[in-house]
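Novice: I'd like to ask you about the structure that follows.
The values are calculated or read from the model by the stated rules, or taken from the named source; none is laboratory data. Values in this document were obtained by computation on a predicted structure and should not be read as measured data. A quick note on method: Cβ atoms are made from the backbone with ideal geometry, for glycine too, and the neighbour counts reach across all protein chains shown. Ligands, DNA and RNA are stripped out before the accessible areas are found, and what is left, the full protein with its side chains, is counted by its heavy atoms. Shrake-Rupley method; radii C 1.70, N 1.55, O 1.52, S 1.80 Å.
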Amino acid sequence: MPGFAQNLDSLLWLQHAAGVVLFGGFALMLVAEMLAPATGARWDLRRLAHGGQNMLLWAIGIVVVSLVFGGTIWLLLQWMQFRRIGVLYFLPLPFWLHAILAFALLDASDYIFHRLSHNVRWLWLLHAVHHSDPQMDVTTNLRQHPLHIIPTELWRLLACAAIGVPAWVFLIHEILNLGFANLHHAAVRWPRWIDTAFSWLLITPRMHWSHHSPDMARTNSNYGMLLSLWDRAFGSLTPPVDDAPRFGLRALESPRWHSAWGMLLTPWRARKYPEL
Ligand SMILES: [Zn+2]
């Protein structure tokens, strides 16, 4: 085990970095949305109200998740690393290969859970809250139903235990995930060359915009957050969308679905909608 992985200061530094990427990335994307807005993305009162409701849902989610997990996720990850729990610890791997495989397999497990969230009915009803946003911007990233965050975190803990993901690898993956989530949802007019240069390896913002399309063939594609490898390997990749895409879900277009209260109730209200 490398010295720095056991060094609590390094782990604390990584935890702080995750916070900086989440909040700093959010602030940076807000500025980018003002300087280079995506086609049709204008700042007005309606958009401010929309962002406020998304952020209110996020605040409720933070309270719920803190009540359910407290600091146990982080403690469990460190305990699993200390006890060397997971398949990779049983293999005679050099340290660097263990880290790379743990990172890639954790990313694959996120892909699988996201795909399940689109294909298992109760998970989809919860995840649909994230997809129903008709005006995608950086606040859409925060639009997650609290009851979807709980199974997501449980899945990630189980994945780490099965794979053997060291706590510091989890944190690096989390930092990149948070950074990419801000990039993917921001209403920024990204240069086209980003897709040409990176889509062979990474999920670019326009590839994720495709995932937020009301066209269900596109919604049910591009499940990756970081690597495009899994969508490519499992046949769920669609090309990036154009500069003025439409977002949301056709069954959930009315304003009643977009208040924080409406979003909290979406899984119950929308369960009778066969078209969803
Ligand atoms: Zn999705």
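Novice: Given the DSSP H assignment, sum -39500 (n - 2.57) over each helix run of at least 4 residues in the chain and divide by its residue total; what's the result at 222 nm in deg cm²/dmol, nearest 500?
Specialist: -20000 deg cm²/dmol, from helical runs alone.
Novice: Measure out, as a whole number of angstrom, how far apart the alpha-carbon centroids of the stretch 34-104 and the stretch 115-193 sit.
Specialist: Between the Cα centre of the stretch 34-104 and that of the stretch 115-193, the gap is 7 Å.
Novice: Compare the Cα positions of W193, L35, N141 along the charge dipole of the chain (+1 at Cβ of Lys, Arg; -1 at Cβ of Asp, Glu; about the Cα centre) and return the one farthest towards the positive end.
Specialist: After comparing all options, I get N141.
Novice: Here's a follow-up. If we count every other residue with Cβ under 14 angstrom of S236's Cβ, Lys/Arg +1 and Asp/Glu -1, where does the sum land?
Specialist: Summing Lys and Arg as +1 and Asp and Glu as -1 gives +1.
Novice: A further question on this structure: Which chymotrypsin sites (Phe, Trp or Tyr not before Pro) in the stretch 22-81 pass both tests, a DSSP loop state and at most 14 other beta-carbon atoms within 10 Å? Mind dumping the intermediate values first?
Specialist: Values: sites: F23, F26, W43, W58, F69, W74, W79; in loops: W43.
Counting only loop positions with at most 14 other Cβ atoms within 10 Å, the chymotrypsin sites (Phe, Trp or Tyr not before Pro) in the stretch 22-81 are W43.
Novice: Using alpha carbons only, how many degrees (0 to 90, rounded to 10) separate the axis of helix 121-131 from the longest principal axis of the chain?
Specialist: Around 70 degrees separate the two axes.
Novice: Still on this model: Using alpha carbons only, how many degrees (0 to 90, rounded to 10) separate the axis of helix 146-163 from the longest principal axis of the chain?
Specialist: 30 degrees
Novice: Could I ask something else about it? List the residues, sorted by chain then number, that are 5 or more residues from L227 or on another chain and whose placed amide H is less than 5 Å from its amide H.
Specialist: Long-range HN contacts for L227: I203.
Novice: Could I ask something else about it? Roughly how many percent of the accessible protein surface of the stretch 3-272 is carbon and sulfur, given a 1.4 Å probe and a whole-percent answer?
Specialist: The value for the stretch 3-272 is 72 percent carbon and sulfur by accessible area.
Novice: Follow-up. For the chain, what is the accessible area per residue in Å², given a 1.4 Å probe and the full set of protein chains?
Specialist: Normalised by residue count, the accessible surface of the chain is 49 Å².
Novice: Between helix 8-35 and the chain, what is the angle of the helix's C-alpha long axis to the longest principal axis, kept within 0 to 90° and rounded to the nearest 10?
Specialist: The two axes meet at around 20 degrees.
Novice: What nm value, rounded to one decimal, do you get for the distance between R84 and A104 when each label is placed 7 Å out toward the C-beta?
Specialist: Label at R84, label at A104, 2.3 nm between them.
Novice: Further question on the same structure: Modelling each spin label as a point 7 Å along the Cα-to-Cβ direction, I'd like the L93/A161 distance in nm, to one decimal.
Specialist: 1.9 nm
Novice: Beta carbons within 10 angstrom, averaged per residue: use that to sort the peptides 80-93, 253-266, highest first.
Specialist: Going by the mean number of other Cβ atoms within 10 Å, highest first, we get 253-266, 80-93.
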